[in-house]
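Taking it in order: structure first as structure tokens, then the write-up.
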Amino acid sequence: MSVSADHPVHGLPLHGLTGFTHHWVDAGGIRLHAVEGGRPTGPAVVLLAGFPQTWRAWRKVMPHLADRFRVIAIDLPGQGHSERPARGYDTHTVAAHVHAAATALGAPTYWLAAHDIGAWVAFSLALNHESDLHGLALLDAGIPGVTLPDSIPTDPARAWKTWHFAFHLVPDLPETLLADREREYVSWFLRAKALDPGAFDDADLDHYAAALAADGGLSASLAYYRDAAESARRNHEALGRRHLTLPVLGMSSSHGSIPDMAASLGPWADNTTSVVVPDAGHFIPDEQPEAVAAALTGFIAGGDPSGPSHGVTPSRSRSTRPVS
């Protein structure tokens, strides 16, 4: 199905997301899918997800933002209902598509929040389009060429969190082994890396497995890992010219992958704030949606990113400046 941003699609249900609609937009030569809603006149907040998820990763957070913000959750190229191009999955190329999609949806300037591989894309987008962003929130992700380690640990206590990076790089083998086993793979990923496996129900597993099993879905998702070296190269090249000066919120969790996102980004970003969400593993938006929404709301408001009474722990990692 191909429709413009002016003609939202109502055929796909959006349970629990009253007032939100599907859109497909032309985004620099490919079609990207987005779910958009909230306050039409509010500040725009663009949300990006990572592997093995889609826009749905933010579905529990979106209602908590909708009263104050215009909320746009975008499927990256290869994700969910977006087009799956044959090539071009380095994060700078993808970032250009994402920015084109936001602009096509009437949000040429916006706040950007992203998790996992979505955070890879968001970091590169900020390097290339910083003047179009009000601020950047990155959740539990190592960034290629910046904070992502070049080697994978062999200690079993740590290797289970990162072993898949090497596996996903191998040509063709993951597709061979995972064909017709997408649900088992998705289930392991989501439930092993969440502090509470119950954060994901059968509908979640079915949705993400179907997205990978769709024609070209798995290969497109793995392409982000296979193009990570090019993403790292282009990040290095951009950082050689300039560092980030916009407000950056680094969001970690008590049981996630990156203990202090803001500290890891500090050498490349001059205005970082750190938040640690308790009682969560890697998939923070699914596990603690109210805390994530409170942190984002506080960050955008320029106040306390911990928000009211959600237990997150904020700290300033570098000097700060007023947030517009």
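Can you list the trypsin sites (Lys or Arg not before Pro) in region 212-253 that are in a DSSP coil and have 11 or fewer other beta carbons within 10 angstrom? Could you put the intermediate results ahead of the total?
Working: sites: 226, 233, 234, 241, 242; in loops: 241, 242.
When the trypsin sites (Lys or Arg not before Pro) of region 212-253 are filtered for loop state and at most 11 Cβ neighbours within 10 Å, 241, 242 remain.
Estimated at 0.36 nm per residue, the fully extended path between residue 192 and residue 39 surpasses their Cα-Cα distance by 51.5 nm. Distance from the Cα centroid of region 40-94 to that of region 109-176 is 15 Å (rounded to whole angstrom). Under the definition of Cα pairs under 8 Å and six or more residues apart, what whole-number percent is the relative contact order of the chain? Once divided by the residue count of the chain, the mean separation gives 16 percent. Full extension of the chain segment joining residue 170 with residue 109 gains 18.2 nm, where the gain is 0.36 nm per residue of separation less the Cα-Cα distance.
Adding -39500 (n - 2.57) for every DSSP H run of four residues or longer, then dividing by how many residues the chain holds, sets the calculated 222 nm ellipticity at -10000 deg cm²/dmol. If you plug the beta carbon distance of residue 202 and residue 163 into 1/(1 + (r/R0)^6) with R0 = 30 Å, you get a FRET efficiency near 0.70.
I'd like the carbon and sulfur percentage of the solvent accessible area for region 75-168, probe radius 1.4 Å, heavy atoms only, ligands and nucleic acids excluded. About 56 percent, which is the carbon plus sulfur part of the accessible surface.
Once you list every other residue whose beta carbon is under 14 Å from the beta carbon of residue 207, what net charge do they have if Lys and Arg are +1 and Asp and Glu are -1? Net charge around residue 207: -3. Ranking of 111, 268 by solvent-accessible surface, largest first: 268, 111 (1.4 Å probe, protein heavy atoms only, all chains present). The simple Förster model, with R0 at 35 Å and r as the Cβ-Cβ distance, assigns residue 177 and residue 12 a FRET efficiency of 0.70. The computed Rg and Dmax of the Cα atoms in Å for the structure shown corresponds, within (1) 19.0, 60; (2) 18.0, 52; (3) 19.9, 75, to (2).
To put it simply, the accessible area of region 174-302 at a 1.4 Å probe is 52 percent carbon and sulfur. Accessible surface computed residue by residue for the chain, with neighbouring protein chains in place and a 1.4 Å probe, gives 40 Å² per residue. Two numbers describe the Cα atoms of region 76-140: Rg and Dmax, which are 11.2, 32 Å.
One chain, two ends: residue 21 and residue 290. Fully extended at 0.36 nm per residue, the span grows by 94.7 nm beyond their Cα-Cα distance. For region 1-148, the antiparallel share of DSSP beta bridges with both residues in that region comes to about 45%.
Between residue 249 and 136, 137, 138, 273, the built amide H atoms are under 5 Å apart, and every one of these is 5 or more places off in sequence or on another chain.
The values are calculated or read from the model by the stated rules, or taken from the named source; none is laboratory data. The structure displayed is predicted, hence computed values, not measured ones. Ideal geometry is used to build each Cβ from the backbone, glycine not excepted, and the neighbour counts take in all protein chains shown. Just the protein is used for accessible areas: all its heavy atoms, side chains included, with ligands, DNA and RNA removed. Shrake-Rupley method; radii C 1.70, N 1.55, O 1.52, S 1.80 Å.
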